[in-house]
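Reviewing the structure listed below.
The values are calculated or read from the model by the stated rules, or taken from the named source; none is laboratory data. Everything quoted here is computed from the prediction, not taken from an experiment. Positions of Cβ are generated from backbone atoms using ideal geometry, with glycine treated the same way; all protein chains shown enter the neighbour counts. These accessible areas exclude ligands, DNA and RNA; they are computed on the full protein's heavy atoms, side chains included. Shrake-Rupley method; radii C 1.70, N 1.55, O 1.52, S 1.80 Å.
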Amino acid sequence: MLSNPPPAGSEPAPGLMLFDLDGVLVNSLPVMRAAWEAVSTQLEVRVPFEAYVEHLGRPFDEILTLLGLGDTEGFAQAYQTAAVRFSHLARPFPGVEQALRDIVAAGCRLGVVTSKSVTRARPMVDALGTPFAVLRTPDQGRGKPSPDSLLLALVECGTDPADALYVGDMAVDQEAAQRAGLRYAHAAWGYGALTEPLPLILQEPAQLVDLVRERLAKGSV
Ligand SMILES: [Mg+2]
């Protein structure tokens with residue numbers, strides 16, 4: 001059994017909540033599986049999808065290198081094309097859209113920091129139906145676990161690290177937050193396992209709203 005988050009209000013409520021996309025806001029695993037299997041068949045590659053999932057969170061090109069596929073001609077391009085073709089299989093996790101609306105109603109801004117390319121991330125973010133103040137991808141700067149995208153998001157929003165929180169589901173998310181000096185919360189409904197030091201753990205999206213209850217109570221909109 002995973003531990004529970006600390007009681008709401010034990011830490012100052014953040015003014016900016018940054019989210020990883022895959023495995024936190026959107027369940028895109030069916031898209032990735034369909035794309036991976038289609039391209040593996042097409043190019044006769046025999047790396048199981050489960051091996052790819054172990055490295056989720058890192059930029060795609062880095063994952064291919066880690067899996068020994070860095071030199072496989074056309075894999076990255078074919079995968080991107082297939083992922084767009086199967087993008088209709090992605091869904092927000094249950095409870096995410098309501099939680100985002102409640103967080104904004106409490107006066108906390110939203111942002112996304114993902115390893116997805118901007119071309120694939122933008123439609124998914126827009127489909128969530130709530131305005132996001134910032135979307136950062138590895139198209140600018142290094143990808144996770146480097147802190148670059150998180151730091152650039154803070155600069156774009158004019159926010160101190162102390163007033164922000166990053167919500168992720170993989171060890172690279174936790175490392176990026178730590179290196180950027182941000183608080184971190186782990187979405188237990190995502191794809192990753194927990195790593196030391198144990199972070200704040202959220203069991204369901206509704207618990208995201210508990211993190212900004214203090215703002216709601218103050219009416220600080
Ligand atoms: Mg993720």
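Restricting the search to region 181-199, which residues are of a type outside the set (Gly, Ala, Ser) and within 12 Å of the ligand (Cβ to nearest atom)?
Hits for region 181-199 are 186, 189, 191.
With the structure loaded, tell me whether residue 82 is in contact with a helix residue (DSSP H, G or I) (Cβ under 7 Å, 6 or more places away or on another chain) and more than 30 Å from residue 16 (Cα to Cα) or whether it fails that test.
The answer is yes for residue 82.
Whether any residue in region 159-171 is aromatic (Phe, Trp, Tyr) and part of a loop (DSSP other than H, G, I, E, B) is what I want to check.
Looking for residues that are aromatic (Phe, Trp, Tyr) and part of a loop (DSSP other than H, G, I, E, B), one finds none in region 159-171, hence no.
Please verify whether region 204-221 includes one or more residues that are in contact with a Ser or Thr (Cβ under 8 Å, 6 or more places away or on another chain), modelled with pLDDT of 95 or more and either in a loop (DSSP other than H, G, I, E, B) or of a type in the set (S, T, N, Q) (or both).
no
Considering only region 114-128, how many residues are open to solvent by less than 70 Å² (accessible area, probe 1.4 Å) and farther than 17 Å from residue 60 by Cβ?
2
Which numbered condition trips up residue 139, out of (1) surrounded by fewer than 17 Cβ atoms within 10 Å (Cβ to Cβ); (2) within 16 Å of the ligand (Cβ to nearest atom); (3) modelled with pLDDT under 95?
Of everything listed in (1) surrounded by fewer than 17 Cβ atoms within 10 Å (Cβ to Cβ); (2) within 16 Å of the ligand (Cβ to nearest atom); (3) modelled with pLDDT under 95, residue 139 misses just condition (2).
Could you please let me know if residue 178 is in a helix (DSSP H, G or I), away from the ligand (no atom under 12 Å from the Cβ) and over 14 Å from residue 103 (Cβ atoms)?
yes
Could you tell me which numbered condition residue 159 fails, if it satisfies all but one of (1) closer than 22 Å to residue 84 by Cα; (2) open to solvent by less than 60 Å² (accessible area, probe 1.4 Å); (3) more than 16 Å from the ligand (Cβ to nearest atom)?
All conditions pass for residue 159, except number (1).
If you check every pair at least six apart or on different chains, which have Cβ atoms under 8 Å apart with a residue in region 139-156 that is among the polar types (S, T, N, Q) first and a residue that is in a helix (DSSP H, G or I) and open to solvent by 10 Å² or more (accessible area, probe 1.4 Å) second?
Pairs found: 140/148; 140/152; 146/179.
How many residues are open to solvent by 20 Å² or more (accessible area, probe 1.4 Å), within 16 Å of the ligand (Cβ to nearest atom) and in a helix (DSSP H, G or I) when one looks only at region 51-62?
Matching residues across region 51-62 total 3.
From the residues in region 7-40 that are modelled with pLDDT of 95 or more and open to solvent by 80 Å² or more (accessible area, probe 1.4 Å), which one is nearest to the ligand (Cβ to nearest atom)?
Looking at the filtered set, the residue picked out is 33.
Can you tell me which of 193, 176 is surrounded by fewer than 18 Cβ atoms within 10 Å (Cβ to Cβ) and within 15 Å of the chain's Cα centre (by Cα)? Quick ask: steps written out before the conclusion?
Values: 176 fails: surrounded by fewer than 18 Cβ atoms within 10 Å (Cβ to Cβ).
Going through 193, 176 in turn, the sole match is 193.
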